[in-house]
1. Could you work out how far apart the two model spin labels at residue B:449 and residue A:74 are, taking each label as a point 7 Å from the Cα in the direction of the beta carbon, and quote it in nm?
2. List the residues of the range B:280-303 that lose 40 Å² or more of accessible area once all protein chains are present, compared with their chain alone (1.4 Å probe, heavy atoms only, no ligands or nucleic acids).
3. By its C-alpha gyration tensor, with a ≥ b ≥ c as the square roots of the eigenvalues, how is the protein assembly as shown shaped: rounded for a/c under 1.5, else prolate for a/b larger than b/c, else oblate?
4. For residue B:203, project a label point 7 Å along Cα to C-beta. Then give me every residue of the range B:358-374 with its amide nitrogen under 17 Å of that point.
5. Could you order B:129, B:250 by accessible surface area, starting with the largest, using a probe radius of 1.4 Å?
6. For chain B, the longest stretch holding no GluC sites (Glu not before Pro) located in a DSSP loop with at most 12 other Cβ atoms within 10 Å is which?
7. How about the range B:244-258: which of its residues lose at least 40 Å² of accessible area in the presence of all protein chains relative to their chain isolated, using a 1.4 Å probe?
8. Calculated FRET efficiency, residue B:427 and residue B:334, Cβ-Cβ r, R0 25 Å, to nearest 0.05?
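The values are calculated or read from the model by the stated rules, or taken from the named source; none is laboratory data. Quick caveat: nothing in here was measured; it's all calculated off a predicted structure. Heads up, the Cβs are rebuilt from the backbone with ideal geometry, glycines too, and the neighbour counts pull from every protein chain shown. Ligands, DNA and RNA are stripped out before the accessible areas are found, and what is left, the full protein with its side chains, is counted by its heavy atoms. Shrake-Rupley method; radii C 1.70, N 1.55, O 1.52, S 1.80 Å.
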Amino acid sequence: MRLLTHNFLASNVRGVSTGYPLALEVAKSSIKEVELNADFLRGILPKLDWRALVAAASAAGFPDLLAAEQPQEAELFADGAADAEGSAIRRLHHALLEIHVDEGALVCPDSGRSFPILKGVPNMLLHEDEVRH
Amino acid sequence: MWYLCVFYHRLLDYRRPEVESLAELFGGPGAGDAVEWRLLENHHADSPFHLVRLPGDERLAAQIANRSLLVKGIYELWGHGATYDELEKAIKEYPDERKLPYLTPESSFKIIVDSFGKVISFEEQNEIIKGFTYIPFEGRVNLKKPDHKFFVLETDDYGSQNGLPPVAQKTVFFGREVGAADRHLLPTYQLKSRKYIGPTAMDCEMAFLMANQGLARPGKLVYDPFVGTGSILVAAAHFGAMTMGADIDIRVVRDGRGPDCNIWSNFEQYKLPEPLCVLRADNNLPPWRPGLKEIFDAIICDPPYGVRAGGRKSGGRKLLKGIIPPYTVPDEKRENHIPSTAPYSLAECVHDLLHLAARMLVIGGRLVFFYPVLRDDDVADVAKFPEHPCFKLVASCEQILSLRYSRVLLTMVKVEPYTEEIEKMGEERHQEFRENHQKWMEEGNLHSAVFSPAEQDGKPKFDKDSKPKYRGKYV
């Protein structure tokens, strides 16, 4: 599971109002390189919850990868930034798409319900007694 | 400019919408609506020969043809006629300034004879090609890599053989090829050589058509909420889109049939970038965080509508009926507990899909999905498709599957924003489904309609002969 996915997910257990952001527990992680696509990042940037992303990166073992505050678009998409080693956009790309959580869990902040991640696939299915009616 | 668009004689309903979608993809917003069609006199709509007016220049026409699956070729038509004499007259009348640039001494060319509904022998083809001495070709002939390809296309006055309703007269076309489909990707991606497939894996040609309807391309994000073995996302990824998928069945999304035979290996097999995310989730209770919306550019899927594979959602059947109280899972069993699921009726499934798409698609994003239609005689003509205030239906393409039912590929564009009002309406309807689940489960049970006994009260329910003999939508 990439951190991008983590950024989109919430717990929808019965009785929980927000269930977000999910705490990330990492037992096993890996890095897989992916080609950077600036258009994709530009589109997804306004949808991101930056704080949750920073927290997730930190939980995955990269506490200093991202700035605490979301960088300006102008800085991220400056000419040549995509090719410059260590630029803000490269770090964002790395955090969102290249860090994989292979095993671990997503924990609901309200109920403490833990959603397991196995073989990189988070299991968000609810038990019978957690489904809202 | 007007072109001659020649289609493969397949999936007839899907052909024009594919061209329109690709026009939108390469020509920008509105280009799809700007496409105009015309039929030649005495030609049936199922004929492979259509005249099309495309916005933009020849490059756009080439891009459309090269990306499509169903366009055999798009041609600049130099002339056509019922006989070769009429053709000669038409070509001579075609303006020189359109012809001469392609006949220069520096260029190479090739003439190809093709036909529909008849066979032309090699000798006859040579005779036909020799007949074009009245066109002042000055370039060299190059059969392998010509600069310009010219096509002679002949179609007979159809008898009953080729499966089309008769048109009145034979037609010969002469044109210069602008672009043609690359169907080589079909043998590459065919299901029989794919490592991991399931019983409802999408045929690769159809998956590519769906990806085209969904305008899949680099930088776009495509989501399939019923991902299964990923066959639709493979097609979207081939066209460069980023992909995401979810499924309620943990076996397909996580385990597959082993470490080298699973959803990930399907992408690896074709050297495609793997999905951004695959998760196990219930489309009836999607786990997206509150406030998250408009992140997908397309949602492309084949929902489980209960004929081949039944849909499932969270909650046991007895639980939802209220026969048993909610089962409380003991703490020590939570870890590996397998929650029970209940059948997911078509009506609810489609409602959830439209609601999800309204929320999660960007404005202008596309929802592409199959919708089953019973071919009952009394309802066949007034097939009603699902509607949603956020969406405009842009294409509906039927594919007949059996005497009793067919499936229709619906393409919808999100034209209105997802407002609080629409969100509330969706929630209420969601609740209504939850409360009246019994009714929805029984109503519209497609499986029983499709598989019910052939005879009722001694009368065959479906009479083979009552349906017209010609059913082009079968091809």
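1. So the label points at residue B:449 and residue A:74 sit 5.9 nm apart.
2. In the range B:280-303, residues shielded by partner chains: B:280, B:285, B:287, B:289, B:290, B:295.
3. Oblate shape, in that a/c is at least 1.5 and b/c is the bigger or equal ratio.
4. B:369-373
5. Putting B:129, B:250 in descending order of accessible area: B:129, B:250.
6. Within chain B, the longest run free of exposed GluC sites (Glu not before Pro) spans B:139-334.
7. The answer is B:254 - residues whose exposure falls by at least 40 Å² when every protein chain is included.
8. Once the sixth-power term is evaluated, E becomes 0.30.
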